[in-house]
Amino acid sequence: MSGKLYIRTFGCQMNEYDSARMADALRESQGFTLAESPEEADVVLINTCSVREKPQEKLFSELGRYKALKRKRPELKIGVGGCVASQEGAAISQRAPYVDVIFGPQTLHRLPELLGQSASAAGPVVDLAFPAEEKFASLPTPSAASPVANLSVMEGCSKFCSFCVVPYTRGEEISRPVADVLAEAIQLERQGVREINLLGQNVNGYRGPAPTGGLEDLAGLIRYVSKLEGIGRIRFTTSHPMEFDGRLIDAYARFDKLPPYLHLPVQSGSDAVLARMKRGYTAAEYRNKIERLRKARPGISIASDFIVGFPGETEAEFEQTLALVDDIGFDQSFSFMYSARPGTPAAGMEDQDPVPQRVKLERLQRLQARIASHARRISRNMVHSSQRILVERRARRGEGLIAGRTGNNRWVNFDGPASLIGRFVDVAITEALPNSLRGRLLPESLAA
Ligand code: SAM
Ligand code: SF4
Ligand code: F3S
């Protein structure tokens, strides 16, 4: 079969990466092109997330929309992939019997075959195996749509934090060999990519087979990627504080292709909550690592993830999180209300010691206000500074404006020709707005 493909993606950057690979696989094998809307598609795929209850519920409201389309056009194929598919499997078809294919994060490379099988199958075709290495070996060359690209270097997570579904939906950690990661990075570089985001649910747990034998860690992988001349910036996400070690801190001192930005989820500032979460570090250990990192790279922005209202979280424990936010001065971060996930150890604690919803909401608002005030201060302090920007696209708003991100991950809009897209330029920051910065191109940087 061939035709038009529409993909709806929920969840993290790994899901975005996977959706792009699904499009690559169906384009290469069967000539599928992307549709602008589900109404004009022959195949609709939903790449799902089950990290919290809300994203999971989105799947079923989204499916309701496609059910109506399928009633009008029975030949429309509907596929569900990602973490909800991995966790719920065939149960999805009990609630949505019109789904044709159910596949997991590790079997998306088999999509062309699964869609083919569904043409003659009586019920949904389900494939939720965990052959991660086969997935990467079977996928075609990634196509780059922007100067910034994601590159998955490892899959799964073996940390088993007590609240989290990821180890169950994605399986245990498996790292890709350094040579495969480099081959993909080179292909991206040839297509004009200038910034690579190395991805993994627990990316600093990377231990990939090295070209010279043995295993390479993330710092070693960064050293390899930094040798690619066309790649000017290397980010990585998401790291776990436990494995954020001296070698990575040292990498920040050595490689200026690592921008002055680190996303290092802490989740809580209370040792008691961290222990119940099974995070494997204390707030003091986290503070100490950031202190060492700031010595290696003064001025670096630290972003994080937080969960409020974990089972049994007291007001005093929550206030320890606020204290940590002030001590570290976290930049733009992600914070969530705790959501019990079936099958995780914390779901049992939730039955016994839940934090009421209104308390969770109130703590979330207080935490977000605190983080936002630090982020605004950091933005204000950037006014009048010169920042290196990778120009990514025309600005969403504003005639003649182009847009790119600073090292510390802020969008800057400024006047300039679209021919600069894909280039690093220097920009003087002129104004700090709530969600972005305004700047002025420094023409001297164009000579470089
Ligand atoms: N590996 C990363 C780490 O160790 O922090 C996080 C990956 S997880 C997919 C992204 C974020 O979702 C977590 O950092 C956490 O803040 C949030 N999260 C995970 N499970 C959650 C739950 N049950 N309720 C609320 N938020 C959750
Ligand atoms: Fe989930 Fe991250 Fe913990 Fe892994 S390290 S179990 S992905 S929160
Ligand atoms: Fe969601 Fe799975 Fe990512 S649960 S956050 S899509 S790893």
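Go through 39, 16, 57, 62 for me and flag whichever is farther than 18 Å from residue 101 by Cα, away from ligand 1 (no atom under 16 Å from the Cβ) and not in a loop (DSSP other than H, G, I, E, B).
Details: 16 fails: away from ligand 1 (no atom under 16 Å from the Cβ); 57 fails: away from ligand 1 (no atom under 16 Å from the Cβ); 62 fails: farther than 18 Å from residue 101 by Cα.
Just a single option satisfies the conditions, and that option is 39.
Take the conditions assigned to a strand (DSSP E or B), on the phi < 0 side of the Ramachandran plot and not small (Gly, Ala, Ser) and apply them to residue 204. Does it pass? Full working, then the answer.
Numbers: assigned to a strand (DSSP E or B): no; on the phi < 0 side of the Ramachandran plot: yes; not small (Gly, Ala, Ser): yes.
Answer is no for this residue.
Answer yes or no: is there a residue in the stretch 353-370 that is more than 30 Å from residue 88 (Cα to Cα), in contact (Cβ under 8 Å) with a residue 60 or more places away in the chain and not acidic (Asp, Glu).
For the stretch 353-370, residues more than 30 Å from residue 88 (Cα to Cα), in contact (Cβ under 8 Å) with a residue 60 or more places away in the chain and not acidic (Asp, Glu): present.
Conditions: (1) within 16 Å of ligand 3 (Cβ to nearest atom); (2) at pLDDT below 95; (3) polar (S, T, N, Q). Residue 158 meets all but one. Number of the miss?
The number of the failed condition is (2).
In this structure, is residue 122 more than 18 Å from residue 86 (Cα to Cα) and within 17 Å of the chain's Cα centre (by Cα)? Quick ask: steps written out before the conclusion?
Details: more than 18 Å from residue 86 (Cα to Cα): yes; within 17 Å of the chain's Cα centre (by Cα): no.
Against the criterion (more than 18 Å from residue 86 (Cα to Cα) and within 17 Å of the chain's Cα centre (by Cα)), residue 122 does not qualify.
When you check residue 29 against the structure, is it touching a residue at least 40 places away in the same chain (Cβ under 8 Å), of a type in the set (Ser, Thr, Tyr) and over 13 Å from residue 99 (Cβ atoms), yes or no?
For residue 29, the condition - touching a residue at least 40 places away in the same chain (Cβ under 8 Å), of a type in the set (Ser, Thr, Tyr) and over 13 Å from residue 99 (Cβ atoms) - is met.
Output the residues belonging to the stretch 167-201 that are within 16 Å of ligand 1 (Cβ to nearest atom), crowded, with 22+ Cβ neighbours inside 10 Å and either farther than 23 Å from residue 408 by Cβ or of a type outside the set (A, V, I, L, M) (or both).
Of everything in the stretch 167-201, those that are within 16 Å of ligand 1 (Cβ to nearest atom), crowded, with 22+ Cβ neighbours inside 10 Å and either farther than 23 Å from residue 408 by Cβ or of a type outside the set (A, V, I, L, M) (or both) turn out to be 169, 170, 175, 200, 201.
Would you mind finding the one in 45, 59, 34 that is closer than 14 Å to residue 9 by Cβ and surrounded by fewer than 16 Cβ atoms within 10 Å (Cβ to Cβ)? Before you say what the answer is, go through the steps one by one.
On the way: 45 fails: surrounded by fewer than 16 Cβ atoms within 10 Å (Cβ to Cβ); 59 fails: surrounded by fewer than 16 Cβ atoms within 10 Å (Cβ to Cβ).
Of the residues listed, the single one that is closer than 14 Å to residue 9 by Cβ and surrounded by fewer than 16 Cβ atoms within 10 Å (Cβ to Cβ) is 34.
Can you name the condition, by its number, that residue 44 falls short on among (1) among the β-branched types (Val, Ile, Thr); (2) away from ligand 3 (no atom under 16 Å from the Cβ); (3) assigned to a loop (DSSP other than H, G, I, E, B); (4) within 26 Å of the chain's Cα centre (by Cα)?
(3)
Can you tell me which of 324, 361, 367 is among the aliphatic types (A, V, I, L, M) and either under 23 Å from the mean Cα position of the chain (by Cα) or in a loop (DSSP other than H, G, I, E, B) (or both)? Break it down stepwise before answering.
Numbers: 324 fails: either under 23 Å from the mean Cα position of the chain (by Cα) or in a loop (DSSP other than H, G, I, E, B) (or both); 361 fails: either under 23 Å from the mean Cα position of the chain (by Cα) or in a loop (DSSP other than H, G, I, E, B) (or both).
Just a single option satisfies the conditions, and that option is 367.
Can you tell me which residue is nearest to the chain's Cα centre (by Cα) among those in the stretch 270-281 that are at negative phi and within 16 Å of ligand 2 (Cβ to nearest atom)?
If we filter the stretch 270-281 for residues that are at negative phi, which is where we start, we get 270-277, 279, 281.
Next, only the ones that are within 16 Å of ligand 2 (Cβ to nearest atom) stay: 273-277, 279, 281.
Details: 273: 25, 274: 23, 275: 25, 276: 25, 277: 21, 279: 20, 281: 23 Å.
By that ranking, first place goes to 279.
Among 3, 79, which is the only one that is modelled with pLDDT under 95, under 23 Å from residue 138 (Cβ atoms) and not hydroxyl-bearing (Ser, Thr, Tyr)? Don't jump to the end; show me each part of the working.
On the way: 79 fails: modelled with pLDDT under 95.
From the options 3, 79, the qualifying one is 3.
Of all residues in the stretch 164-189, count the ones that are in a helix (DSSP H, G or I), away from ligand 2 (no atom under 16 Å from the Cβ) and touching a residue at least 24 places away in the same chain (Cβ under 8 Å).
Result for the stretch 164-189: 11.
As an exercise: evaluate residue 298 against (1) in contact (Cβ under 8 Å) with a residue 24 or more places away in the chain; (2) assigned to a loop (DSSP other than H, G, I, E, B) and give the number of the one condition it does not meet.
Of (1) in contact (Cβ under 8 Å) with a residue 24 or more places away in the chain; (2) assigned to a loop (DSSP other than H, G, I, E, B), only one is false for residue 298: (1).
Where in the stretch 81-159 are the helices (runs of 4 or more DSSP H), entirely inside, with at least 3 residues that are in contact with a helix residue (DSSP H, G or I) (Cβ under 6 Å, 6 or more places away or on another chain)? Give the steps one after another, and end with the answer.
Working: elements: 82-88, 91-95, 111-118, 132-138.
Once the helices (runs of 4 or more DSSP H) in the stretch 81-159 are filtered for at least 3 residues that are in contact with a helix residue (DSSP H, G or I) (Cβ under 6 Å, 6 or more places away or on another chain), what remains is 82-88.
Take residue 219 and tell me if it is buried (at least 19 other Cβ atoms within 10 Å of the Cβ), in a helix (DSSP H, G or I) and more than 16 Å from ligand 3 (Cβ to nearest atom). Talk me through it step by step, then tell me what you get.
Numbers: buried (at least 19 other Cβ atoms within 10 Å of the Cβ): yes; in a helix (DSSP H, G or I): yes; more than 16 Å from ligand 3 (Cβ to nearest atom): yes.
Here the answer is yes, as residue 219 does meet what is asked.
Take the residues in the stretch 267-312 that are in contact with an Asp or Glu (Cβ under 8 Å, 6 or more places away or on another chain) and of a type in the set (Ser, Thr, Tyr), then tell me which one is farthest from residue 326 (Cα to Cα).
282
The values are calculated or read from the model by the stated rules, or taken from the named source; none is laboratory data. Model, not experiment: these values are computed from the prediction. Methodologically, a virtual Cβ is constructed for each residue, glycine included, from the backbone with ideal geometry; neighbour enumeration extends over all protein chains shown.
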